[in-house]
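Note sheet for the following structure.
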Amino acid sequence: MTKSKEGKFYFIVIILVVIFPFLNTIEAQRRPTDLISPEVMPDNSVIFRIKAENAKDVRVVGTWNRMYKPDIMMKKDSIFEVKVGPLPSDMYEYDILIDGIPNLDPLNRQVTRDGGYIQSRLMVPGGLGDIIDVKPVPHGHLKAVWYDSPAIGKEQRRMYIYTPPGYDENPQKKYPVMYLLHGGGGDEEVWVSRGRANYIIDNLIATGKAEPMIVVITNGDVNNVGAPLDKSAFVANKDNSGIGAMAAGLFEKSLVNDIVPYIERRYRVIADADHRAVTGFSMGGYQTQNITNANPGMFNYIGVMSMGLFSNVRPDGYEKEKHIAQLKALQKSNPKVYWIGMGSDDFLYKSGVELRKLYDELGFKYIYRENVGNHDWNSWRLYLSEFAPLCFK
């Protein structure tokens, strides 16, 4: 064999031995399967399936169960399967537990993120699910922006700005603004990824249930400038789960002194209390209270989601008389809507009872909405869909 032929021979051997199996592996990953998961049935029951030949115990756990009790999947040959529901129309998150280890559903490419929680998504149509889903309606624009925030630090911070359909086409029109805050452990992406805020507002505007509005989706984590993939990969992610970060008061100052002025300089807004709303859940509900208590007359539409009287864990101590004085000033400013939402199984339910008790003692007017639910996104998406139509009327 000549050297030339010998070289060609060895090249073919390399292709067959090294590269060809690799190509087969890639093709195997792309190969279609007859399995469907999740499969939504006509009655809104849902079948989950997964192929796990060597697994002994497989379960699915999702936010459709208020107690997060797993549904046991039964094995048929190498396929585990379970049928749940019928489920109320909504958007749900779920994990598949394989021998106790949580996994994404490998047959479902739809995933959402809230902080460190990345889970598979299920959409059940017909009611609330249709408000959350992408529909063939005019869509607003969603833009990520970086802004200076001297109230927090020297680094620029990131937030999302939603502008409603028609904003760019009508350069003379001005709009009201809603400031939308998230919970502890989250960032500026959670109201987009898991909260679906832009699509909820799209659908409410399209059906005439909500006024066209700008929505500012902030990052309330003062320890991190933005979501994990939108900051330097070589800067460690700082812990944002503790009470101290939530209760520091820096974000509240930043929203008033940095964020609102940024929006009102750069966007066509109606810059008065009648056209400003602020709302948020959990940590964002606490920040909403702090912002509006300290700045009476700045926001005439206020929504507190899944948060009550935050008195027993304040790092600076709770001064009831100071709080009462703030509430009286806020009461005097006469906000048009003060809305409180709380799930019946929320671990903060008692704090909500205490907050409403204080408001009742002062004669402070509010709207209370209690749903059968937990401290979770099923409640918060519902709250946004109900609070937004009350604003700017």
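Where a number appears in this text, it was derived from the coordinates with a stated rule and is not lab data. What you see is a predicted model; the values in this text were computed from it and never measured. Cβ: placed from backbone, ideal geometry, glycine included. Neighbour counts: every protein chain shown.
Of note:
- In this calculation the C-beta distance from residue 331 to residue 265 is compared with R0 = 30 Å, giving a FRET efficiency of 0.45.
- Calculated FRET efficiency, residue 144 to residue 117, Cβ-Cβ distance, R0 = 35 Å: about 0.95 to the nearest 0.05.
- A Förster radius of 51 Å, combined with the Cβ-Cβ distance separating residue 99 from residue 209, puts the computed FRET efficiency at roughly 0.65.
- Cross-link pairs exceeding 27 Å in C-alpha to C-alpha distance, out of 209/328; 174/393; 51/135, comprise 209/328; 51/135.
- With a cut-off of 14 Å between beta carbons, the residues surrounding residue 118 carry a summed charge of -2, where Lys and Arg count +1 and Asp and Glu -1.
- Peptides 36-43, 127-134, 219-226 ordered by average Cβ neighbours within 10 Å, highest first: 219-226, 127-134, 36-43
- For residue 63, distant residues with modelled amide H under 5 Å away: 93
- Charged side chains reduced to their Cβ positions (Lys and Arg at +1, Asp and Glu at -1) give the chain a dipole of some 560 debye around its Cα centre.
- Eligible lysines near residue 322 by straight Cα distance, threshold 24 Å, same-chain separation 8 or greater: 253, 332, 336, 350, 357, 365
- Relative contact order (percent, whole number), the chain, Cα cutoff 8 Å, 6+ residue spacing: 12
- Percent of beta bridges antiparallel (DSSP, the chain, rounded to nearest 5): 60
- Where labels lie 7 Å past Cα in the beta-carbon direction, separation of residue 362 and residue 272 in nm: 2.5
- Summarising the amide proton neighbourhood of residue 184: residues at separation of 5 or more, or on other chains, whose placed amide H is nearer than 5 Å comprise 283, 284.
- Sequentially through segment 269-276, phi angles give Karplus couplings (6.51, -1.76, 1.60; θ = phi - 60°) of 10, 8, 8, 8, 4, 5, 10, 10 Hz, Gly and Pro residues having no value and appearing as x.
- Under 5 Å, built H, 5+ apart or other chain: amide partners of residue 175: 269, 270
- The overall shape of the chain is prolate: from the C-alpha gyration tensor, with semi-axes ordered a ≥ b ≥ c, the ratio a/c is 1.5 or greater and a/b exceeds b/c.
- Once the chain from residue 248 to residue 235 is taken as fully extended at 0.36 nm per residue, the excess over their C-alpha distance is 2.5 nm.
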